[in-house]
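Here is the structure we will look at.
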Amino acid sequence: MNDISHLVQHLRLRVDALYARYHADPTQKIKAKFDRSLFRQDSQTLSDYLTQIEETLALLADFSPVQKEQLIFFSEKLAAQCAALSEALQSAEQRPNSECPRPQGRTERLKQALNLLPPRERLVKYYEALQALNEKIAAQQDNVAACTDRQQQIHYLHQLEITRQRRQRCLEAIEVLEEYLNFQRQNKENG
């Protein structure tokens, strides 16, 4: 199996994991603002966004090894599309009755700045974030264990679950970036 088909197969698994993770209604409206470089327009159904992700994956499968720049661009786009849609779906699960989109805050601005970094620098930032999340999880577990008030314990458990989900998304982003950088390295060695 060549490097491109291996990359496409790996990305296909990532996309399938996204599908499996959210058993949402395909006609569900996604009320999120996405960067125009990721999706064509906002406020579409889940099915519309998944179709665009499939289109990106299909484009990747059509490239040849000599089209490295296009491969790099579209593999990064696919990873960003999956991450953005995953966050939007998770956000929708946490506030299903909310009609108003959140204004762009510090976290969103940091995510956008992170996505502008070159892949190696982005990977370093993700590892730093992973370390911080691991420390936060340990502290939250201590809070749960030390808490005697049931209501407060439920609150800490909820916060712990959110942090674990963030950690999982961080691990997924690290895995995609490492796969991409490995693909790049192999192409340099072979090319």
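The values are calculated or read from the model by the stated rules, or taken from the named source; none is laboratory data. Model, not experiment: these values are computed from the prediction. All Cβ positions, glycine included, derive from the backbone under ideal geometry; neighbour counts span all protein chains shown. Areas reflect the complete protein model, heavy atoms only, side chains present, ligands, DNA and RNA absent. Shrake-Rupley method; radii C 1.70, N 1.55, O 1.52, S 1.80 Å.
Observations
- Counting only residues that are of a type in the set (Val, Ile, Thr) and at pLDDT below 90, the stretch 145-178 holds 4 of them.
- Residues that are in contact with a Ser or Thr (Cβ under 9 Å, 6 or more places away or on another chain) and open to solvent by less than 80 Å² (accessible area, probe 1.4 Å) number at least 1 in the following helices (runs of 4 or more DSSP H) confined to the stretch 103-191: 119-146, 150-190.
- Residues satisfying the stated conditions in the stretch 59-84, i.e. within 19 Å of the chain's Cα centre (by Cα), of a type in the set (A, V, I, L, M, F, W, C) and either modelled with pLDDT of 80 or more or under 19 Å from LEU114 (Cβ atoms) (or both): LEU60, ILE72, PHE73, PHE74, LEU78, ALA79, ALA80, CYS82, ALA83, ALA84
- Every listed requirement among (1) part of a helix (DSSP H, G or I); (2) modelled with pLDDT of 80 or more; (3) loosely packed, with under 14 Cβ neighbours inside 10 Å is met by ALA17 save one, (2).
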